[in-house]
Every structure is written in structure tokens, then in C-alpha cells.
Amino acid sequence: MQRSEVQALLREGIAAAKAGQKKTDPTEARQKRIYRIDTDRIKHREHARDLLTQVVELDETNVIAWLWLSTVMDDLAEKRLCLENVLVLDPDNKPAQSGLAQLARQAAAAPAKPELDPSPVAEAGLADHTVQTSNNETPCLFCQQPISIMDTTCGHCQLPLVVECPNCKTTTDIEHLHCSNCSWSIGDYRERPTYFAGLARAYQADENHRRALETWQFVEILDPDYPDLYVHMGRAQAALGYSQKAIDNLKRLLQEGPTNLAVYLALGNIYQETRRWRSAEATYREALQMFPTTAQAHFALGWLLMEIQRPQDALPYIRKATQLDPQHGMAWYRLAQLYEMSRQRGAATQAYKKAAALLSEESLAAQKSHERLGMLEPYLPKRLATGWMELTRQSLGPILICVLAALLDAGLRPWWISWIGWGALLLSIVGAFLWISGTTLPQNPVIKILVGEQGLASSELQVGVAFFGGMCWLLAMLIILLPIGQSIPEIPL
Amino acid sequence: MNPTLLIVLIVFSRMIFFLPLKDRRPAHRGFAWMTASILGVNVLVHIWVTFTVYLQPGATAERAWLALYPYMEVPQWILDGQGLGALSSLTSAFLHADLGHLLGNMFMLWFFGRKVEDSTGSVRFGLLYLFCGFMASLVSVIFRGTLSPLNATIPGLGASGAIAGIMAAYLFLYSDQRILTLVSLQSAPELGLPGCILPLPIPLWLPSWVFLLYNFITDALWAQLALELVKREGVFPLGVNVFAHLGGAAGGFLFIYFFLHPDVFAGRR
């Protein structure tokens, strides 16, 4: 194997060993502190052990490989063996000396430590022999206190020095503007709270609530007065199942100064999600008293009332929300639903149109709006839907069937048609007209004359009229076709 | 028309048989429920008739005739206002003489019915089928019932009149379509030739109007022959009720406009 290949193997082994360590940043400098965050460090350690074992098998004199191998060995005796090998090759190697001393102390004091504890070598400061120089400290980017370059979190200010990319879940150095793995735009850490808030929102959008809550806590460290900080924290807590904790926090905030609508909304939302309807309603109503001209408060209360099956109560609030904020797409969508529930077809159509125009095309509500519009809008252009021509066209088909049947039944002599037959034909005309009015032409001119300009507005009425019309037509056909009073003549053979 | 030329034309046309395989029109609706339902009812009725009439112990052609006669379309009875009247037009449309008769009709119904139902919707397709059935019956009664007293008592049965209407509606709606057709040669048993079908190995994409007009023109030639025979012999011995085919086709072609779904006019289909 080429030397370069051994070096590559070594680098890979070191990287895996670093990934397997708990709090040790693995690269030579923070700028290169990029490694896949592990959920299973044991795997990394095993992988590192395999790789580094291969390296020392290929190159027994590789001091660095022996040193790193010692960090991933689980057994103390094996660790010791690795360090002793280092000292054989380099008797003055200080990390190996201190590591051995540490091991000796451990062996004397207690049984072996759990697997994932920092190795004595790492604790002795020789985790990265390649950069093992006198300069292994650096000031924290946030508090400027000296920290080890291996640290992923500042021990003084508790802020992180690496972050998880919300997009690809790999860790990236905080100084990087983009994720090193997927190039997702992470932001500039120098914006401090705004930087972490952006990340937290991205985690929340990804439903990574634990990470979001942790990141909101960083925002809290940097700026406890960050807008809506506690609202977001409350939401993250609620999402993680700590609803009561979130409620307590938000209540405390309201007691301190009830001036923030977002706090009310967050609190009401948590009550709503935990199905504490009365508390949610009381919270939203309180918010409305404090902020009577905000669309969000009206919308929140209206939506709650819709959810608890009180559409009549919800309607004024949702309508008010659309008046206060005509660009509130969701409010238009809910308003359309309410109109549809109250059978106001025209108003529902208009509201759905507004919602479809305002909401993002990808959103479920926008898609539903389009779907409902397809159902609510008349089948035909208005000229046809309200004209005599289409009514005649559609009615003639079913009527002609009855006329043909009646004619055949009367031996092709119309004057043979009995008065019952004529009655049946009349009934078929009524039936055909009602069926068409209830199905495709609810605003036809005859219906307009009979019930007014709005035609058959509600879908229930349309179904009823269509069913009744269909039954009338079937009855007419039955009357015509039933051979009442007709004799069966002799069958010719 | 010269009777000799007429017979030559009929023999020639009778020897060519078109079997539709597929067309290229995409379907806009889902499953054609009404077509399938009509097909199902036809099959069930045939099975029921087979077991209750044709396969009864001691069944003879005479007994079957007697059992089914009232339910078939008898022009004389309809004209006299006797029997089941208009109802017999409906019942006869669900009766078939044998399995071959049923299969042939149902194949055509399934092929063309689905496409027409796509433009009419299921309920309107059912109405159109009914309308074509009555139209077929009307024309059949007029011609067969008035031209020859003997033919007026010969009953008609089968769904072919209504199906001819559906085929004509297809021609009206999709005259620009092409139909992949298996062209077959067959003899004409009606003309005393032994019956057989010899499929040619070349399927052709025929324009739908060619396919359908061929069928209707053949029927028209047969009808013309029937009229000639009535003039000469006083009776026409045809096994196929071509008048019903022509009546159904006229109904489907001329009246499909009244059965189209409004979506067609709204440009949604």
C-alpha cells in the first residue's frame, strides 16, 4: 500500500475516532471542525478502531496512529499497550506519558469507566497529536474567554461552537455561513441572537423541537428580551410534551406584563392543542380585550370556535379578521368554510377565490380552496347556466324517451294515448325539469322565476329536487310502460 | 336499385367483417359504470333465460318460442296495442337468441359504450341507451309492421338496435378518431354460404367514420334488399333486424346532442 493511502486511512481513522468522542472537537483547527454528528458513537469508535488497527498493521512506527488507537480502545490494558508502543517509538512523547499516568491512576482508583467517557488520553490533552502544540486554546467567539480548540461548546457562556445543519443534520462550524455538507445557508453567527433564532425556526419548521428548544435557549442567553422568545420556547416545549411547563412560563410572562399578543396567542394555542377549550377561549377573549383591532386575535378565537363546532359563533370573528387584514389567506379560507356550512354558496365561492389567491400554491388550504371552487362554481358559463337553450337541450332527452315509449305503447297512434298516458307525459316533463334543475342547472330561468335570482342555492336542496325529479320521471315511465288492460293474443307458431 | 347489383354489393359487404380492437381517445372519467351495468344485466338475463327456458327438461324450439314470444318485440302486437306494448321494446332489448348473439352485441357495447359514456356521464348514457332502444323499436315496427303481414308477426330480440345507436353516437362525437380494426373475411350464411370467419393478419387503424359508415351502409343495403323482396315475394326472410339497427343509429346520431353532459359544453372534457 502506498504511503499516501496509509495517510488517507489514518486521516479517516482519526476522523472516526473524533466522531466517537463525546465532547472533543476533532480537527486540527476549528475551521476544519466538520464531521457528521453521530447518534451512535459506538459505531464510530468501532470504525475508528478498525481503520487505525489497519494503519498500525501497515506501519508499526506510526506514532499518531498508536496514539489515536489508544483513544478508541475500550479495554484499559489495550489502551496501555498502545501508549507503551508510542513511548517505545518516541520516549519523550508527553501525551503518551501523561496518558499512561492517568491510566495508572484510574486502575488504582476504580474499575474501568463506561465506554463513552472521555479517554484518559483525551483528558490528558493529547487527543489531537497532530496539533499538539502549546497553542491549543482559543478565545470563545461569543464571550472571548479561553477555551480548548477541541470544545464544541464554550464552558463559560454555554453557547455552541458547532451547530447542526437543519437541512442535512451534519454539524458545521459556527463560523461557516453555509453548511459544509449541503451548502444550506446557515447564517452569520455575528448576528448573535438573530442567528440562533433563525436556526431555531428552521428546526421548528423541520419539527426538530428538541433542537429548536435548545437553540431558543441560546437566544435567551444572548438576549432575554428577544421578540417572542418565550412564545417560541413555549411552543417548542409544548411540542415536546411539556405543555404545562410551557403554559406556566407563558402565564408568568403575562403576569409580568400583558402587552404581548404573541404570548396570548401562544398560550391559547397550547390550550387548544391540549384540548383545554375553555381556557383557550378565555385566553383568546382576553387577548381580544387587550388587542381589539388585531386580525390574529379575531382569527384565533374564530378558529377555536370552529374547532369546537360553534360555526355560528365563529363567523363574526373570522369575518372581522378578514376585514382587519384583507391579506390573511387562512382567514379567507376559514370564512369560506363557514359560508359553505351556512349554505351561502356565492359568498363561499368568493371567499375561496380570495384564499386561493392569497395562500401559497403549495399549501394544503390553497389546494382545498381550488378543489372546493371546482365543486361550487356552476358547471357552465353563466350564459348557458341561466339560459333557456341549455335547459331545453338537457330536458328534451328524458322527455323524448317517454314520448317514444308512449307512442309505441299506443300503436304509433297518438290519439290512442289515454288521459293517464298524457298525465304521465306531463309528469315526465316535470320530472326531467326538476332532475336537471337539481343536478346541473340550479339557476335555470324557470327556477329563477319560481324561487328567485339565487336559484337552488344549497346543495341539500339541489339533491332533494334532483331526487324528486328523478322519481317523477321513473314513475311516468312506469305508468307508460305497464301493460295495464292489454291482452296477450294468441301466439302464432 | 338493380336487384342483381344489390345482391352483389350485399354479398361483397357481407364478406368483410370489422372487429374493433382499440382507439386512441383517452378517457376522462373513471370506470364506465352504466355500460358495465347494462352489459351485466344483459348477461344475467341471458343466463336466466338459458336456465329457465333453453335448458329446461324437454325444451324444444317451439316451447322456447312460446315462452319468450310475449317478451319479444312483435310489430303487429305493438301496432294493435296488444301484449306488453312498449314494454316489449325494452324486454326484447335484453333477450338474445344464443351465446354468439350475446357476445357479439356485448363486445360492441363495451367497446363503444365506454367512450360515449365518457362524454355523456353515466345517467345520461343510460337514458341514451334507452332512447336508442325505443328508436330502434319504432323504426322496426314501422317497417316490419306495415310492409308485410307475415313479417309483422315475426318477433325481434337483441340489444343491437340500441347498440347501433351508441355506435352512431360515437361516430357523431369522435369522427376524427381512428380505430384499430382487425379485418376479417366471412361467408354469408343468410345467402346459403357456409358460415365461417377468417381473420386477416393485418390490423388497420381505420378512421372511425369508415368503420361505422361501413356498418350502417351494409345495414342500409340489407334494408333495401328487404324492401325489394317484399315487393316481389311479399315477405323478406332476414335473420337480422336491419331496420332496428338503422332506427337505433338514427336515434344515436341525431339525438346525442340532447344527452351530452354539460361538462362538454363547459370545455371541461
Among the listed pairs A:320/A:354; A:43/A:94; B:22/B:115; A:353/A:448, which have their C-alpha atoms separated by more than 18 angstrom in this model? A:43/A:94; A:353/A:448
Tell me, in nm to one decimal, what length is gained between residue A:490 and residue A:419 on full extension, where the rule is 0.36 nm per residue of separation less the Cα-Cα distance? 22.7 nm
Report, in cubic angstrom per residue, the convex hull volume of the C-alpha atoms of the stretch A:295-377. 77 Å³
Going by how many other beta carbons lie within 10 Å of each one, how would you line up B:24, A:45, fewest first? B:24, A:45
Tell me the Kirkwood radius of chain B: reciprocal of the mean inverse pair distance over distinct alpha-carbon atoms, in Å. 19.3 Å
What is the mean projected area of the alpha carbon convex hull for the stretch B:67-218, to one decimal in square nanometres? 10.3 nm²
Just need the relative contact order of the stretch A:295-377 here, percent rounded to a whole number, with Cα pairs under 8 Å and 6+ apart. 22 percent
Can you compute 3J(HN,Hα) from phi for each residue in the stretch B:12-18, using the Karplus curve 6.51 cos²θ - 1.76 cosθ + 1.60 with θ = phi - 60°, rounded to whole Hz and x for Gly and Pro? 4, 5, 5, 7, 9, 10, 9
In this structure, the FRET efficiency calculated for residue B:55 and residue B:240 from their beta-carbon separation, with R0 = 30 Å, to the nearest 0.05, is 0.75
Determine, for each peptide in B:131-139, A:413-421, B:153-161, A:316-324, the mean count of other beta carbons within 10 angstrom over its residues, then list the peptides with the highest first. B:131-139, B:153-161, A:316-324, A:413-421
For the stretch B:28-109, place one equal point scatterer on every Cα, skip the solvent, and apply the Debye formula. What is log10 of I(q)/I(0) at q = 0.10, 0.11, 0.13, 0.22 Å⁻¹? -0.30, -0.36, -0.49, -1.08
Mind listing the phi-derived Karplus ³J(HN,Hα) values for the stretch B:78-83, rounded to whole Hz, using 6.51, -1.76 and 1.60 with θ = phi - 60°, and x for any glycine or proline? 5, 5, 8, x, 10, x
Listed by chain and number, the residues whose amide H is under 5 Å from that of residue A:171, excluding neighbours fewer than 5 places away on the same chain and using placed H, are A:35, A:37, A:165
Work the Kirkwood hydrodynamic radius out for the stretch A:126-268: mean of 1/r over every pair of different alpha-carbon atoms, inverted, in Å. 16.5 Å
Which whole-Hz couplings ³J(HN,Hα) result when phi for each residue of the stretch A:162-167 is put into the Karplus expression 6.51 cos²θ - 1.76 cosθ + 1.60, θ = phi - 60°, listed in order with x for Gly and Pro? 10, 10, 8, 5, x, 7
Total charge dipole magnitude, the protein assembly as shown, about the Cα centre, Cβ charges on Lys, Arg, Asp, Glu only, Debye to nearest 20: 2300 debye
Shielding score for A:408-415, defined as the mean number of other chain Cβ atoms within 10 Å: 6
What FRET efficiency, computed as 1/(1 + (r/R0)^6) with R0 = 51 Å and r the Cβ-Cβ distance, is obtained for residue A:207 and residue A:87, rounded to the nearest 0.05? 0.50
Cα Rg, Dmax (largest Cα-Cα span) when computed across the stretch A:382-481, Å: 14.5, 45
Value of relative contact order over the stretch A:382-481, rounded to a whole percent, pairs C-alpha under 8 Å and six or more apart: 36 percent
If you check each cysteine of chain A for another cysteine whose beta-carbon is under 4.7 Å away, which ones come up empty? A:82, A:402, A:472
Would you mind calculating the gained length between residue A:343 and residue A:382 on full extension (0.36 nm times residue separation, minus the Cα-Cα distance), in nm to one decimal? 12.0 nm
Pick out the long, greasy-scoring helices in chain A: whole DSSP H runs spanning 27 Å or more along their own axis by Cα, mean Kyte-Doolittle at least 1.6. A:459-481
Using modelled amide H (1.01 Å from N, peptide plane; none on Pro or chain starts), what sits under 5 Å from the amide H of residue A:161, excluding residues fewer than 5 places away? A:153, A:154
Choose one of B:145, B:38, B:87: the residue whose Cα lies farthest towards the positive end of the charge dipole of the protein assembly as shown (beta-carbon charges +1 Lys, Arg; -1 Asp, Glu; about the Cα centre). B:145
Which whole-number percentage describes the relative contact order of chain B, with Cα contacts under 8 Å and a sequence gap of 6 or more? 28 percent
Under a 5 Å amide H to amide H cut-off, with H placed in plane at 1.01 Å, what residues pair with residue B:179 once short-range neighbours are removed? B:206, B:208
Along the three principal axes, how long is chain A when you take its alpha carbons, biggest first, rounded to the nearest angstrom? 128, 77, 39
Set the Förster radius R0 to 22 Å, insert the Cβ-Cβ distance between residue B:21 and residue B:220 as r into 1/(1 + (r/R0)^6), and round the FRET efficiency to 0.05. 0.30
On the principal axes of its Cα set, how long, how wide and how thick is the stretch A:428-470? Give whole Å, largest value first. 25, 20, 14
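We did not get these values from a lab; they are worked out from the coordinates using the rules stated. Computed from a predicted structure; not experimentally measured. Please note: Cβ atoms are built from the backbone with ideal geometry, for glycine as well, and neighbour counts cover all protein chains shown.
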